[in-house]
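Student: Dropping the structure in here first, questions after.
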Amino acid sequence: MSFLSNLGWRFATKKFDTDRKLTDESVGQILDSIRMAPTSFGLQSFHVSVVSDEDVKRKLSAASFGQPQPSDASHVLVFSSRTDIRDRVDSYVKIATGDDTGSSEQAVKMAGMFHQFADRFDGDTGREWAARQAYIALGFALAAAAELEIDSCAMEGADFVAIRDVLDLPEGFTPVVMLPLGYRADGPAHPKARFPTEDLFTEIR
């Protein structure tokens, strides 16, 4: 199937086949799609916990109000925003300039511009901005999974404070959404329902 056909094939899988597991290669391809996702200034201010441990998956299900998807899935990706924006700026400039952060005029200008940007993103503003970057990465993971005919179910219905404790995340890392991955045990219970094109789009020519 083509990529667009696969988007029609996918659905929010509620019941995963517990006997089927993703290969390391498939997991790596999905993680590569996340790594290549576009983000503001390229700072990639998110972190993804890749969970396949059965005990941890059960704890994620418990923190998801008993929903079975995390425990039944092969893997669970937990997307966290991160607010260490200034540190990310310094690290990114080193990567982008080949570690020539002091002598290059380009590097100095880049660092200055990025730090001005980072100065505006303290507190709630920074957390909200970082969460939006995590959701861009989530979208790429969903698309990559569909391309590979791997089932998925994006989940916000969870106690993410409890999930942060389960994963023992560092300070400044805040989980915002989960993506269980695996293979469907059952097909979709209902046909895919979407609003019509004219409801969603306005062409301005």
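Student: Identify, please: which residue in the stretch 110-129 is over 16 Å from Gly42 (Cα atoms) and free of Cβ contacts under 8 Å to residues at least 40 places away in the same chain and is, among those, nearest to the chain's Cα centre (by Cα)? Before you say what the answer is, go through the steps one by one.
Tutor: Taking the stretch 110-129 as the starting set, the residues that turn out to be over 16 Å from Gly42 (Cα atoms) are 119-120, 122-125, 127-128.
Imposing the further condition that a residue be free of Cβ contacts under 8 Å to residues at least 40 places away in the same chain reduces the set to 119-120, 122-125, 128.
On the way: Asp119: 25, Arg120: 24, Asp122: 22, Gly123: 21, Asp124: 20, Thr125: 19, Glu128: 14 Å.
Step by step, filter the stretch 110-129, then rank; the result is Glu128.
Student: For the stretch 21-37, name all the residues that are part of a helix (DSSP H, G or I) and of a type in the set (A, V, I, L, M, F, W, C).
Tutor: Of the residues in the stretch 21-37, the ones part of a helix (DSSP H, G or I) are 24-35.
Across the stretch 21-37, the qualifying residues are Val27, Ile30, Leu31, Ile34.
Student: Mind checking which residues of the stretch 52-110 are in contact with a His (Cβ under 6 Å, 6 or more places away or on another chain) and at pLDDT 95 or above?
Tutor: Ser52, Ser80
Student: Can you tell me how many residues in the stretch 22-33 are more than 17 Å from Ala137 (Cβ to Cβ) and buried (at least 16 other Cβ atoms within 10 Å of the Cβ)? Full working, then the answer.
Tutor: In the first step, residues of the stretch 22-33 are kept if they are more than 17 Å from Ala137 (Cβ to Cβ); the result is 22-26.
In the following step, the residues that additionally are buried (at least 16 other Cβ atoms within 10 Å of the Cβ) were identified as 22, 26.
Number satisfying all stated conditions: 2.
Student: Of all the helices (runs of 4 or more DSSP H) wholly in the stretch 38-151, which have at least 1 residues that are out of contact with any Lys or Arg (no Cβ under 8 Å at 6 or more places or on another chain) and buried (at least 19 other Cβ atoms within 10 Å of the Cβ)?
Tutor: Details: elements: 54-62, 69-72, 85-96, 105-119, 123-147.
Ranges flagged: 54-62, 85-96, 105-119, 123-147.
Student: Right, another one. Run Asp17 past the list (1) out of contact with any helix residue (DSSP H, G or I) (no Cβ under 7 Å at 6 or more places or on another chain); (2) at pLDDT 95 or above; (3) surrounded by fewer than 16 Cβ atoms within 10 Å (Cβ to Cβ) and report the number of the one that doesn't hold.
Tutor: (3)
Student: If you go through the stretch 173-205, how many residues are under 28 Å from Val50 (Cα atoms), of a type in the set (Gly, Ala, Ser) and surrounded by fewer than 17 Cβ atoms within 10 Å (Cβ to Cβ)? Give the derivation first.
Tutor: If we filter the stretch 173-205 for residues that are under 28 Å from Val50 (Cα atoms), which is where we start, we get 173-188.
In the following step, the residues that additionally are of a type in the set (Gly, Ala, Ser) were identified as 182, 185, 187.
Filter once more, keeping what is surrounded by fewer than 17 Cβ atoms within 10 Å (Cβ to Cβ): 185, 187.
Summing the residues that are under 28 Å from Val50 (Cα atoms), of a type in the set (Gly, Ala, Ser) and surrounded by fewer than 17 Cβ atoms within 10 Å (Cβ to Cβ) in the stretch 173-205 gives 2.
Student: Moving to a separate point now. May I ask you to list the residues in the stretch 123-141 that are at pLDDT 95 or above, aliphatic (A, V, I, L, M) and in contact with a helix residue (DSSP H, G or I) (Cβ under 9 Å, 6 or more places away or on another chain)?
Tutor: Those that are at pLDDT 95 or above, aliphatic (A, V, I, L, M) and in contact with a helix residue (DSSP H, G or I) (Cβ under 9 Å, 6 or more places away or on another chain): Ile136, Ala137, Leu138, Ala141.
Student: Could I ask something else about it? Name the residue, out of Leu179, Leu167, Leu148, that is over 20 Å from Gly66 (Cβ atoms), touching a residue at least 24 places away in the same chain (Cβ under 8 Å) and not basic (Lys, Arg).
Tutor: On the way: Leu179 fails: over 20 Å from Gly66 (Cβ atoms); Leu167 fails: over 20 Å from Gly66 (Cβ atoms).
Matching residue, one of Leu179, Leu167, Leu148: Leu148.
Student: For the stretch 37-49, give me each residue that is farther than 13 Å from Pro175 by Cβ and out of contact with any Asp or Glu (no Cβ under 9 Å at 6 or more places or on another chain).
Tutor: First pass over the stretch 37-49, keeping only residues farther than 13 Å from Pro175 by Cβ: 37-45.
Scanning the stretch 37-49 gives Ala37, Pro38, Thr39, Ser40, Phe41, Gly42, Leu43, Gln44.
The values are calculated or read from the model by the stated rules, or taken from the named source; none is laboratory data. Quick caveat: nothing in here was measured; it's all calculated off a predicted structure. In this analysis, Cβ positions are derived from the backbone assuming ideal geometry, glycine residues included, and neighbour counts consider all displayed protein chains.
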